[in-house]
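Starting off with a structure, shown below.
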Amino acid sequence: MKRSTLTLLTFAIAIAALSSSVTAKPAKTTLPIAEASFDFLYICLNLKSQSSLAPAYVELPEGYDVSDINPSSILLNGSIPIHPSIYPTIGDYDNDTIPDLHVVFNRTEIVEYIQSEGITHGTVNLRIQGSFARTPATFEGNDNLTVSSLVGDVNCDEIVNLLDIVIASDSFDTADGDENWNHNANFAPHWNRNDIFDFVTLIAYYGETLA
Ligand SMILES: [Ca+2]
Ligand SMILES: [Ca+2]
Ligand SMILES: [Ca+2]
């Protein structure tokens with residue numbers, strides 16, 4: 001065998017060995033995904049109303065433990081973390097004996113996300129994802145919110161009518177965070193209270209529709 005042929009052959013063998021060592025790299029492992037039950041406390045969101053908090057609950061399937069969830073890993077739609085100053089707590093809000101994690105998001109960040117998607121009304125699907133401190137797995141869950149961008153539309157049915165007045169009346173003279181506070185009935189300053197200014201604003205839009 002000629003010397004040049006031998007050199008070429010050696011070179012080809014070296015390349016083949018190199019490429020096989022590249023392809024022999026271990027495959028990236030995919031973590032199992034726990035399908036979580038995810039529920040916002042709210043069922044609708046008026047984008048024109050202001051409020052600070054959006055509480056929600058996460059429940060995990062059998063074999064997973066909500067106390068194992070790493071709070072800093074939680075993201076809504078890949079970008080919204082939980083509220084930085086409200087640590088999640090464990091309870092059983094739906095009384096089904098399965099523990100759930102109470103997480104709170106910044107409502108304004110959710111509104112901004114929905115608006116950035118160009119959505120003004122209808123149904124929005126929001127997806128929660130996160131990982132665990134000890135278990136090599138991730139979890140995912142999703143919930144729908146009905147959205148309205150009509151001022152005065154407290155129940156997000158795309159019309160301002162008597163029903164909105166009745167619902168808003170229940171939260172009259174409450175502060176953001178109070179038990180009777182309605183996050184969808186705050187259409188005017190003062191932005192931390194449901195008061196006469198919100199009521200007057202609602203009345204000004206009486207009969208309006210989103211159509
Ligand atoms: Ca539960
Ligand atoms: Ca309405
Ligand atoms: Ca107000």
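Would you confirm whether or not the range 170-180 contains a residue that is modelled with pLDDT of 95 or more, in contact with a strand residue (DSSP E or B) (Cβ under 6 Å, 6 or more places away or on another chain) and closer than 18 Å to Val111 by Cβ?
No, the range 170-180 has no match at all.
Can you tell me how many residues in the range 96-117 are within 22 Å of Leu145 (Cα to Cα) and either hydroxyl-bearing (Ser, Thr, Tyr) or in a loop (DSSP other than H, G, I, E, B) (or both)?
Applying the first criterion (within 22 Å of Leu145 (Cα to Cα)) to the range 96-117 yields 100-117.
Next, from what is left, pick out any that are either hydroxyl-bearing (Ser, Thr, Tyr) or in a loop (DSSP other than H, G, I, E, B) (or both): 108, 113, 116-117.
Counting residues in the range 96-117 that are within 22 Å of Leu145 (Cα to Cα) and either hydroxyl-bearing (Ser, Thr, Tyr) or in a loop (DSSP other than H, G, I, E, B) (or both) gives 4.
Report yes if Asp157 is part of a loop (DSSP other than H, G, I, E, B) and either within 16 Å of ligand 1 (Cβ to nearest atom) or not assigned by TED's automatic domain parsing to the domain that holds Pro189 (or both), otherwise no. Quick ask: steps written out before the conclusion?
Values: part of a loop (DSSP other than H, G, I, E, B): yes; either within 16 Å of ligand 1 (Cβ to nearest atom) or not assigned by TED's automatic domain parsing to the domain that holds Pro189 (or both): no.
Judged against the criteria, Asp157 is not a match.
Moving on. Tell me, please, whether a residue that is within 16 Å of ligand 2 (Cβ to nearest atom) and surrounded by 13 or more Cβ atoms within 10 Å (Cβ to Cβ) can be found in the range 90-111.
First pass over the range 90-111, keeping only residues within 16 Å of ligand 2 (Cβ to nearest atom): none.
Checking the range 90-111: not a single residue is within 16 Å of ligand 2 (Cβ to nearest atom) and surrounded by 13 or more Cβ atoms within 10 Å (Cβ to Cβ).
Scan the range 54-86 for residues that are under 16 Å from the mean Cα position of the chain (by Cα), more than 11 Å from Phe139 (Cβ to Cβ) and assigned to a loop (DSSP other than H, G, I, E, B) and report the count.
Number satisfying all stated conditions: 8.
Please go through (1) away from ligand 3 (no atom under 16 Å from the Cβ); (2) outside the structural domain of Asn182 (by TED's automatic domain parsing); (3) surrounded by fewer than 17 Cβ atoms within 10 Å (Cβ to Cβ) for Leu60 and return the number of the only condition it doesn't satisfy.
Looking at each condition in turn, Leu60 falls short on (3).
The values are calculated or read from the model by the stated rules, or taken from the named source; none is laboratory data. The model shown is predicted, which means the values in this text are computed figures rather than measured ones. When we count neighbours, we look across all protein chains shown, and the Cβ atoms used for this are built from the backbone with ideal geometry, even at glycine.
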